[in-house]
Amino acid sequence: MRLCRMIRDRLATAYSHKKSYADNIKRALEFQRVGNVAYEMKLLQDYASVHPMFHVSMLKKYLGYPTSILLVEGSRVDENLSYEEVPIEISHRQVKRLRNKEVATVKVLWQNHLV
């Protein structure tokens with residue numbers, strides 16, 4: 001009986017530590033909540049064809065890199081938010097030998113990409 005009480009106390013202590021650690025990490029999301037698992041976001045007019053409600057599992061923190069930003073000005077974006085890739089030049093050519101095959105690779109500079 002005494003051993004059961006000691007195990008129960010230690011489990012309660014461990015649970016308390018874990019809960020306090022998790023509470024420190026949690027933070028309030030900055031979206032307008034619609035339901036228990038849905039958020040509604042205000043989108044720009046350019047994205048009027050996109051539905052503004054998202055499931056919680058789809059929302060993730062995004063840490064952007066300046067090189068990953070794609071400039072859409074001057075490019076033609078369709079209703080389904082896609083655009084045509086246009087090659088500008090071939091900047092590098094290389095032929096690799098694999099056992100008994102040769103594979104040609106090329107590095108292409110695209111119109112809407114920085115690098």
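Using r as the Cβ-Cβ distance of Asp23 and Val50, and R0 as 25 Å, what FRET efficiency do you calculate, to the nearest 0.05?
0.15
Using r as the Cβ-Cβ distance of Leu43 and Ser82, and R0 as 22 Å, what FRET efficiency do you calculate, to the nearest 0.05?
The formula returns an efficiency of 0.85 here.
What FRET efficiency comes out for Glu102 versus Lys60 if R0 is 30 angstrom and r is the Cβ-Cβ distance? Round to the nearest 0.05.
0.10
All of the numbers you see were taken from the coordinates with simple rules; none came from a lab. In this text the structure is predicted, and so the values were computed from the model without any measurement. When we count neighbours, we look across all protein chains shown, and the Cβ atoms used for this are built from the backbone with ideal geometry, even at glycine.
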